[in-house]
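I have placed the structure first, in the form of C-alpha cells, so that the comments after it can refer back to it.
The values are calculated or read from the model by the stated rules, or taken from the named source; none is laboratory data. Keep in mind that this is a model prediction, so the values were computed, not measured. Here the Cβ positions follow ideal geometry from the backbone for every residue, glycine too, while neighbour counts run over all protein chains shown.
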Amino acid sequence: MRASREEILRQHLKVDVFNLRTKLERLLPDVKKRGLNIFCNSSFELEGFSSNEYHQDADKLLRLAQRIVKARDELGEPAENCLGEAYLAACKENCSRDEHRRGPRKLGVWLSEIVASNT
C-alpha cells in the first residue's frame, strides 16, 4: 500500500472511530437506563421487530462500525477489541436466538466499558 493511501486510510479510520465513540457516548446512557435498542439495524434484525422501529441512528452506527473493521483489515491491524468490532458483536448477540443472550441494557453496560477503555 502506498504511503499516501495508508495515511488517508488512517485519517478516515481516526474520524470514523471518533464519530462512533461520540454517537455511542450520547446514546449509551439511554440504552443502559431505558433499554433503548440501538443494536437492531438493516443487517441485524430482531424477530418481531420491524424496520420502522429501528433507532434512527442504528444504520449510521452499523456503517461506521463496518468501515472501522474494514479499514483496520486493509491496514493489516487486528479488528479484535476495537470499538467497531465490539458494536458489531453487540448487534449480533442482541439479535441472536440464544435464550441466554444479553438484552440492550446489559449490552449497553458492556459496550460502555469498551468505549471508556478505548479513549
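Test Leu24 against the stated conditions and say whether it is of a type in the set (A, V, I, L, M, F, W, C), in contact (Cβ under 8 Å) with a residue 60 or more places away in the chain and in a helix (DSSP H, G or I).
Yes: the conditions hold for Leu24.
Does Ser42 satisfy the criteria of being among the small types (Gly, Ala, Ser), over 20 Å from Ala116 (Cα atoms) and in a helix (DSSP H, G or I)?
No.
Just give me the residues in the range 68-85 being surrounded by fewer than 20 Cβ atoms within 10 Å (Cβ to Cβ), assigned to a loop (DSSP other than H, G, I, E, B) and either in contact (Cβ under 8 Å) with a residue 12 or more places away in the chain or not charged (D, E, K, R) (or both), in sequence order.
Leu75, Gly76, Pro78, Ala79, Asn81, listed by residue number.
Condition check ((1) surrounded by fewer than 18 Cβ atoms within 10 Å (Cβ to Cβ); (2) among the polar types (S, T, N, Q); (3) within 11 Å of Tyr87 (Cβ to Cβ)) across all residues:
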{"position": "Asn19", "(1), (2), (3)": "yes, yes, no"}
{"position": "Thr22", "(1), (2), (3)": "yes, yes, no"}
{"position": "Asp30", "(1), (2), (3)": "yes, no, no"}
{"position": "Lys33", "(1), (2), (3)": "yes, no, no"}
{"position": "Cys40", "(1), (2), (3)": "no, no, no"}
{"position": "Ser43", "(1), (2), (3)": "yes, yes, no"}
{"position": "Gly48", "(1), (2), (3)": "yes, no, no"}
{"position": "Asn52", "(1), (2), (3)": "yes, yes, no"}
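Under the condition of being closer than 15 Å to Asn41 by Cβ and among the hydrophobic types (A, V, I, L, M, F, W, C), which residue from the range 92-119 is nearest to the chain's Cα centre (by Cα)?
Looking at residues that are closer than 15 Å to Asn41 by Cβ and among the hydrophobic types (A, V, I, L, M, F, W, C), I get Leu111.
If you check Ala89, Ala79, which single one turns out to be under 20 Å from Pro104 (Cα atoms) and out of contact with any Pro (no Cβ under 8 Å at 6 or more places or on another chain)?
Exactly one residue qualifies, and that residue is Ala89.
At pLDDT 90 or above and in contact with a helix residue (DSSP H, G or I) (Cβ under 9 Å, 6 or more places away or on another chain): is that true of Leu61 in this structure?
For Leu61, the condition - at pLDDT 90 or above and in contact with a helix residue (DSSP H, G or I) (Cβ under 9 Å, 6 or more places away or on another chain) - is met.
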